[in-house]
Structures are given as structure tokens and as C-alpha cells.
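K.L.:
This is the structure, below, for whatever I ask next.
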Amino acid sequence: MEKMWSGRFSAGASNLLDEFNASIMYDRKLYREDIEGSLAHAQMLAKQGILTQEELKQIQDGLAQVKNEIESGEFEWKISDEDLHMGIEKRLTQIIGDTGKKLHTARSRNDQVAVDFRRYVLRKNSEIAEAIKALMQEILVVAEKHTDTLIPGMTHLQHAQPINFGFHLGAYLSMFKRDIERFESSRERNNVSPLGCAALAGTPHNVDREYTAELLGFDSVSVNCLDTVSDRDFALEILFNISTMMMHISRLSEELVMWSSYEFGFIELSDEYSTGSSIMPQKKNPDVPELLRGKTGRVYGALVGLLTVMKGLPLAYNKDTQEDKEGVFDAVETAEISLEILKEAIKTMQVKADNMENACAIGHLSATDLADYLVEKCNIPFREAHFITGRAVAKGEELGVDLSKIEFKYLKEIDERINEDVMEYLGLRHSMNARTSQGGTAQERTKEQLQYFKNYLQNKE
């Protein structure tokens, strides 16, 4: 079949080249952006007197028919058409005749694909940010119920200090808020129109780039056409943003996996979001968070793949850049389903508060409080207080009791400057609530933090 660009060629493309060269079977996902871009371009051409009003009407009606055919499933996508731009233009020309061939005046596939792909990515930046907000809302619901539920705070995966579960979940709210800010920042920074750059150097036709930018919802037009047609920073940014978000999801997923084990027993995932074993009938596997961990590597691959494609490309457009879309499409779809299923898993999980609190009585979590007591109440230098506390922990190990439950007499034996009021300091809930510095785990501070996130989300509505 004759290509639209075949005038210079004496032989047709091989079937193998058609298959290798074509992107139409995946870039057709951009049909909506492509048709909207063509409508804006046609409207601008008519405004500038390059098309007549009658020709504009024909193009508008023809593109509406093409859109209906695509959405109804009647449209025939052919590898021989190479990409969706050629496929849509060819069908438009079949419908309205030679007027369809005028649509490409003052435009190249280079700026056309840049417009389509950029608008898709900008839209997905906003949609993913909205999905993160929905996830944060569900985390907030759980967190607000557990501002007085003790859980071991850990460093090096070792019991460190008692915190509350709401505070722990607040750490993830902080991460996801930063993710939203990255997606929003990317959208703002990249909301510039490539249309009118043509192949690489602009066009001699009397176009109005500001007009098409306004019609398509861009904030402005790009500054340099040579950069614009080859720029894929916006695609790299959404891949980086998704990768960072998935890293945060993976960290939370890792904890969900651990917490749902018998060794922890802190939560139980709903049957709706768990699976069983083909051989062991007693098993209840946390497949959702495990898959989320795994899919994080998948989106990392898309980011590294596109970085590698772009690293050695001379200006301006090169066919290598066709490799920009599949990874982005896949990463976006992965992000969307990951956010949705994590939200539902959080919403339906059971929190086992008693098990969390019991775990706090293992590992001497109030040791730092003893050291703080010695500094504050006994005027002992911290390094000496640290040593005394270490001896107290060793005594607890010897007795087989946690420091929070050790009898006062043993502490007095270690250092006679210790008074009986130390027992209050060693209480786990007292330890948690003593950390009243801004951003700390005290219940009052945790409630402030959760209110901050609640206000943030409300202001985004």
C-alpha cells in the first residue's frame, strides 16, 4: 500500500519494515489527543485564512466521524499506516476527500506527536495526583482511629521507641503528599504547546501558535522549536514521579507483608485482597502488597529504558524516540491500578491493636526515656546516662523482663541517684506521649499532623 510519504521512493516498504517501524498498535491510545490537536490546528488554519470556513467544517465533521468509529470499534487500525496520525488522516481523507489532505498544512508528525503525547502525560499527571489523594484519604481514616495505639518504632528493623500507629501512617501521608507535589509541579512546568514547531525549525506559514495553545489548554507555547520536537523531559518526569511514588508504595507494602505475618500479627488483610496456596490450605498470602513491590521494579525499568534511549540522540527528532510511549503507557497503567488496589487493601484491612501494643513490651523501648530521666531529673551528663541505661537494659536481660516492667529496686542498685518517680518515665504510653516536639509521636502532635493532612486534602478539592 502506498505511503503518504512515498513520493521520493521507487520501491515500497517491506512487510518486515512495516512491522518493525509501526507504532500504531500502541500509540492509538492517543487518539483523543490527536483528534483534539487536529481540530485546534484546523481552527487556527481557518482563522489565519489558510483554510476556508467550509473546509474547516468538513474537517470538523470528518474528525467527529473518525472519533465515533474509533470509540465504537468500527475503525480499522492497520500496521501499514505506521502510526495513529497517518491512520486518522488517511481515514479522514477517505471520508471528506482532498480537503483532508490540507489538514497537515504547517504541521509535521514531529510536532503532532509531541502535542499528543505531552497532553496525555499532562492529563495523567493530574489523574494520578487525584488517585494519590484518594489513597491518602483512606490512610487518614485508619490513622485517626489509632493515635493512641502503640506500635514499636524501629531503626535497623530493631525495636527502638514506642510510637503510635497513626504517627507511623502519617509518615506515609508525608511521602504521598510529596508525590502529589511532584506530579503537580511537572504538569505546571511542562504545560507548553509544541504545535507550530513543525519538523524542527518552525513553519513559513502564517500560523498563530498562541491561539492553538489556548484552544488546547496549554499555558504558553514552547520557546525553541529544535528542542521542542525532540524533548521528552515531560515523559521522563512522569516516569520518575511514578517510580518515586511506587517506591513509597513498595515501602508500605513491605510493612504490610511483615505486619500480616504470624511473627508480627499487627494486621490482617481482607480475604478480598489475599490469596491461598495451591498445596497448603492454611495459607493466606499477602499477594497484593507483594505484587506492588514487584511492580515497582517494572516502572523503574521504564524510566531507565527511556533515559537510555534519550542519552545519545542528536537534535532534533530521531526515530529512537518512538520508544518513548510503551513504557510510559505501561507505567501509568501500573500506577493507576496500584493506587486503587492499595487503597482498597488499606480500607478493608483489620488492625490488631493489642498485638501491636504487646510487641512494644519487647526490646526495652523505653531505654531512651531512662537516659532522658537521668539527664533531666538527676543532672547526669548524657554520655554517663547512656552507660547507666545500658547497664539497666543488661539487668533486664538478665532478669528476663522488659525495661518498662523492671522493678525499681534493681534500678536503684545500678545507680542510687535514681528515684522512684523513674517508673512513670519507663511506662510505654508515657514514653510515646513525652515526645511533644513538633513533628513528634505524642498523641497531641500526631493529631495535629493528621489534621494538617486533612486540611491539605480538603484544600485540593
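Here, each number is a calculation from the coordinates, and none is a lab measurement. Just so you know, these numbers come straight off a predicted model, no measurement behind them. Counting neighbours? That spans all protein chains shown, and the Cβs are built from the backbone with ideal geometry, glycine included.
K.L.:
Points 7 angstrom from Cα along the Cβ direction at Glu19 and His205: gap in nanometres?
P.N.:
3.6
K.L.:
For Glu214 and Ile79 in the same chain, what is the full-extension length gain: residue separation times 0.36 nm, less their Cα-Cα distance, in nm? Walk me through the intermediate numbers first.
P.N.:
Values: separation 135, 0.36 × 135 = 48.60 nm, distance 3.33 nm.
Extra length from Glu214 to Ile79 when fully extended: 45.3 nm.
K.L.:
Between their Cα atoms, which of Lys133/Lys347; Lys145/Lys405; Lys295/Lys352 are more than 18 Å away from each other? Don't jump to the answer; show the numbers that get you there.
P.N.:
Numbers: Lys133/Lys347 14 Å; Lys145/Lys405 27 Å; Lys295/Lys352 28 Å.
Beyond 18 Å between Cα atoms: Lys145/Lys405; Lys295/Lys352.
K.L.:
Considering amide H positions built from the backbone, and no H for Pro or chain starts, which residues 5 or more places from Gly276, or on another chain, come under 5 Å of its amide H?
P.N.:
Amide H neighbours of Gly276, under 5 Å, 5+ apart: Asn285.
K.L.:
Per 0.36 nm of contour for each residue apart, how much would the distance between Tyr410 and Val141 grow if the chain were fully extended, relative to their Cα-Cα spacing?
P.N.:
Working: separation 269, 0.36 × 269 = 96.84 nm, distance 4.30 nm.
This chain segment gains 92.5 nm when fully extended.
K.L.:
Could I ask something else about it? Please work out how much length the chain gains when fully extended from Thr348 to Glu188, using 0.36 nm per residue of separation minus the C-alpha to C-alpha distance, in nm with one decimal.
P.N.:
Numbers: separation 160, 0.36 × 160 = 57.60 nm, distance 3.51 nm.
My answer for the length gained is 54.1 nm.
K.L.:
Right, something else. List the pairs from Lys124/Lys325; Lys29/Lys90; Lys57/Lys101; Lys29/Lys101; Lys343/Lys460; Lys177/Lys325 whose alpha-carbon separation is above 20 Å, in the order I gave them. Walk me through the numbers before you get to the answer.
P.N.:
Values: Lys124/Lys325 13 Å; Lys29/Lys90 17 Å; Lys57/Lys101 14 Å; Lys29/Lys101 23 Å; Lys343/Lys460 18 Å; Lys177/Lys325 27 Å.
Where the Cα-Cα span goes over 20 Å, the pairs concerned are Lys29/Lys101; Lys177/Lys325.
K.L.:
Between Asp330 and Ser261, what's the calculated FRET efficiency when r is the beta-carbon distance and R0 is 25 Å? Round to 0.05.
P.N.:
Values: r = 31 Å, r/R0 = 1.23.
After rounding, the FRET efficiency stands at 0.20.
K.L.:
Okay, moving on. Taking amide H atoms as placed 1.01 Å from N in the peptide plane, list the residues 5 or more away in sequence, or in a different chain, whose amide H sits under 5 Å from that of Ile380.
P.N.:
Val375
K.L.:
For the chain, give me every cysteine whose Cβ has no other Cys Cβ within less than 4.7 Å, ordered by residue number.
P.N.:
Taking the Cβ cut-off of 4.7 Å, the unpaired cysteines of the chain are Cys360, Cys378.
K.L.:
Same structure again: Apply the Karplus curve 6.51 cos²θ - 1.76 cosθ + 1.60, θ = phi - 60°, to the phi angles in segment 191-199 and return the couplings in whole Hz, x for Gly and Pro.
P.N.:
7, 10, 8, x, 4, x, 7, 6, 5
K.L.:
Applying 1/(1 + (r/R0)^6) with R0 = 35 Å to the Cβ-Cβ distance of Ser126 and Thr155, what FRET efficiency is obtained, to the nearest 0.05? Working shown, then result.
P.N.:
Values: r = 37 Å, r/R0 = 1.06.
The value I calculate is 0.40.
K.L.:
Once phi is turned into θ = phi - 60°, what whole-Hz ³J(HN,Hα) does the Karplus curve with 6.51, -1.76 and 1.60 give for every residue of segment 201-217, x standing for Gly and Pro?
P.N.:
10, x, 9, x, 6, 7, 8, 10, 5, 4, 5, 5, 4, 5, 4, 8, x
K.L.:
Along the Cα-to-Cβ line of Arg298, 7 Å from the Cα, sits a label point; which residues in segment 314-350 have backbone N less than 15 Å from it?
P.N.:
Taking a point 7 Å out along Cα→Cβ of Arg298, the residues of segment 314-350 whose backbone N falls under 15 Å are 326-342.
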